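Single-structure report; data block below.
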Amino acid sequence: MATKKQIEEFLESKNLAIAGVSRDKKKIGYRVFEDLTSKGYNAYPINPNTDVIDGKKCYNSVSELPSEVNSLLILTPKSKTDSVLRDAINKGIIHIWVQQMSESKDTIRIAEEYQKEIIHKKCIYMFSEPVTGGHKFHRIILKLFGMLPK
């Protein structure tokens, strides 16, 4: 399970890539990209189907990312997650977060096979400050019951 330290280290880097950014503003991939950008992150969108999202260069794959990117958030459909995870590990990405609901049945096994600790089964909205809305309420409840990562 993810630790508080892992989450803090992931969020500490202001250069982070997001695999699964959508052009559709209603989809989670776009909303997370927009949210993290508004919070001061220099987000590098990854989507193999477009070159630009919101006027920002979009990368077709993890392998195309610049070297200063050492954190990757994976928001892809489960069928794509494991391929993106392997690409990230092979590229040497240090911090990897597989968004809650993007994990396949093999994701953890793959991370273990590569001896790579990843954040998983956690929602980025619960930890990227400032936490707002329903996520803020949910985080308060988790904290009350001692269920936040330690």
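The values are calculated or read from the model by the stated rules, or taken from the named source; none is laboratory data. Since the structure is predicted, the reported quantities are computational estimates derived from the model, not experimental observations. We place every Cβ from the backbone using ideal geometry, glycine too, and count neighbours over all the protein chains shown.
List of remarks:
- Top-ranked residue of the stretch 101-123 - restricted to ones that are of a type in the set (K, R) and not in a loop (DSSP other than H, G, I, E, B), ranked as farthest from K39 (Cα to Cα): R109
- Note on the stretch 1-42: residues that are basic (K, R), part of a helix (DSSP H, G or I) and either touching a strand residue (DSSP E or B) at 6+ places or on another chain (Cβ under 9 Å) or under 18 Å from K116 (Cα atoms) (or both) amount to 2.
- The stretch 1-31, residues that are in contact with a Gly (Cβ under 9 Å, 6 or more places away or on another chain) and either surrounded by fewer than 14 Cβ atoms within 10 Å (Cβ to Cβ) or closer than 19 Å to P149 by Cβ (or both): K14
- Hits in the stretch 104-132 - residues which are over 21 Å from Y44 (Cα atoms) and not β-branched (V, I, T): S104, K105, D106, R109, A111, E112, E113, Y114, Q115, K116, E117, K121
- Matching entry among K150, K122, K116 (being out of contact with any Phe, Trp or Tyr (no Cβ under 6 Å at 6 or more places or on another chain), loosely packed, with under 11 Cβ neighbours inside 10 Å and touching a residue at least 24 places away in the same chain (Cβ under 8 Å)): K150
- Among the residues of the stretch 124-133, those identified as at pLDDT 95 or above and either assigned to a helix (DSSP H, G or I) or of a type in the set (S, T, Y) (or both) are I124, Y125, M126, S128.
- When the stretch 43-80 is filtered for residues that are within 12 Å of the chain's Cα centre (by Cα) and more than 14 Å from K116 (Cβ to Cβ), the ones remaining, listed by number, are A43, Y44, P45, I46, L73, L75, T76.
- Residues of the stretch 68-100 that are closer than 18 Å to F10 by Cβ and either part of a strand (DSSP E or B) or out of contact with any strand residue (DSSP E or B) (no Cβ under 9 Å at 6 or more places or on another chain) (or both): S71, L72, L73, I74, G92, H95, I96, W97, V98, Q99.
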